[in-house]
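Engineer: Questions regarding the structure given below will be posed in turn.
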Amino acid sequence: MAARRRHVAAGAGAPAPAAGEWAAVTAGGGAAWALSPVEEVGTKQELMRRTGLPPRDLRALDPALSSAASASSCRPSAITGRDRAVVVNLDRARAVITASEVLVPSPRDPAVAPLVRELRARLALAASPTPAPSPSPPQHGMAVGMDGSISPSPASRGGEEAAGNGKDGEALGGGDKALPFEFRALEVCLEFACKSLEHETCTLEKEAYPALDELTSKVSTLNLERVRQIKSRLVAISGKVQKVRDELEHLLDDDMDMAALHLTEKLAYQSSRFDVEKEASELEDHSSRDEEGVDGDDETLAGGGSFSPNTDELEILLESYFVQIDGTLNSLSTLREYVEDTEDYINMMLDEKQNQLLQMGILLSTGTLVGSCAIAVTGVFGINVHIALYDTPASSATFPCAAAGVVAGSLALYLAALLCYKRAGILQ
């Protein structure tokens, strides 16, 4: 019992599983984005508190948090929106995106390090402040006031008022609106995943087409092994590209999943709801005599509808990368068709060789049969039986004529057999 208690106490005091290294691209100084050093995240609980993700999402991203069997298994590609974060798991692009930072597991991995550098460069470039425009001299129709301010002259106010509605429409429809932080980070991850898969596809195409052409010209064991390896890589890359395409198509078809990716608007919505509920509770405390009216206002303010952001920007973003990954999949499909056509051609060549061998076997078998017949005739003449043919003198041409007759008969029988084979379609 004592040993059992010590075992239970040791198991209860065991530390939580440690997470691997994570690189964080965080928001610093309001408008400036900087990459923090590679940090060692202590436990899975710390990651859960930092991102608000369930353990299954963290296990899908960080192999250090999962067992060897689950780490080696192939996980499906997914872009999942949670309450406080977006989980991106697209082949090599694996990250956790929040409204203010991006967490990337295993940043020292050579396959992941380019993603960290790209996130740092792109997010810093997107968040860099734009220089203020220099003041320009007043144009025609503008008046300069005593305090240095510029205002339109009375003569030009009428034209400006007439064109006001058109300018307002251009400002609303054609303005260059900056994307939220999570969309910029998601764009970097999508671009990295699509480019990496496209690079693998281009590399495979450069190796596949010459190898297939060489196999067509010369069928050998070495060429067949090269084509077998290329076909295995083609199947693996096609599977990864198909998973990414299916995930993007699923997001484009589901507005609720796209709405879950709007982290900034979601936080603003939750904050506004909290303010409204707080204001309603204060009004209820200070105006208890008018309780029914306040309750009606509270219901109106607090029940303002569910969270439904405008998904047009995200849809355009996903659509562009869907077209790109669909083009990569089309290239792989073309390569697969070329491989299948080459296989069909090689099979036809092998079938032709096999048919030639079969025809050669028929010819040899027929020749053997005819030769056996000639040997049988010779054996008949070799029987120790006295016949009149043996009484011919040695100087006569009886024996050469008999031998020539046996050979001529064998050739005639062989030619007759070939003629029958050709008429029957056995030989070409």
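Engineer: Determine the gain in length on full extension of the stretch Y338-E198; use 0.36 nm per residue of separation and subtract their C-alpha separation, reporting nm with one decimal.
Structural biologist: Working it through step by step, the gained length comes to 48.6 nm.
Engineer: State the extension gain, in nm to one decimal, for the chain segment bounded by Q359 and S320, taking 0.36 nm per residue of separation less the distance between their alpha-carbons.
Structural biologist: Going from the current span to full extension adds 8.2 nm.
Engineer: Please give the peptides 196-207, 375-386 ranked by average Cβ packing (other Cβ atoms within 10 Å per residue), highest first, as a rough proxy for protection.
Structural biologist: The peptides rank, most packed first, as 196-207, 375-386.
Engineer: Roughly what would the spin-label model give for S272 and Q45, points 7 Å off Cα along C-beta, in nm?
Structural biologist: 3.8 nm
Engineer: Let me ask something additional. I383 to Y345: FRET efficiency via 1/(1 + (r/R0)^6), r the Cβ-Cβ distance, R0 60 Å, to the nearest 0.05?
Structural biologist: Calculated transfer efficiency: 0.55.
Engineer: Using mean Cβ contacts within 10 Å as the protection proxy, how do 358-368, 77-87, 228-238 order, highest first?
Structural biologist: 77-87, 228-238, 358-368
Engineer: Between A397 and T264, 0.36 nm times their residue separation minus their Cα-Cα distance comes to what?
Structural biologist: 36.3 nm
Engineer: Could you give the distance between the Cα centres of region 358-428 and region 182-198, to the whole Å?
Structural biologist: Cα centres, region 358-428 to region 182-198: 81 Å.
Engineer: Next question, about the same structure. Run the paramagnetic zone check for Q428: 7 angstrom along Cα to Cβ, then residues of region 349-371 with backbone nitrogen under 11 Å.
Structural biologist: Those under the cut-off are 349, 351-357, 359.
Engineer: Using 26 Å as the Cα-Cα cut-off, could you pick out the over-long pairs in K206/K243; K218/K240; K218/K422; K195/K243; K240/K266?
Structural biologist: Correct reply: K218/K240; K218/K422; K240/K266.
Engineer: Please list 97-103, 343-349 highest first by mean number of surrounding beta-carbon atoms within 10 Å per residue.
Structural biologist: So the order, starting with the most tightly packed, is 97-103, 343-349.
Engineer: Ranked by accessible surface with a 1.4 Å probe, highest first, in what order do K218, K240 come?
Structural biologist: Per-residue accessible area, sorted high to low, gives K218, K240.
The values are calculated or read from the model by the stated rules, or taken from the named source; none is laboratory data. Remember, it's a predicted structure, so these values are computed and weren't measured experimentally. Cβ: placed from backbone, ideal geometry, glycine included. Neighbour counts: every protein chain shown. Areas reflect the complete protein model, heavy atoms only, side chains present, ligands, DNA and RNA absent. Shrake-Rupley method; radii C 1.70, N 1.55, O 1.52, S 1.80 Å.
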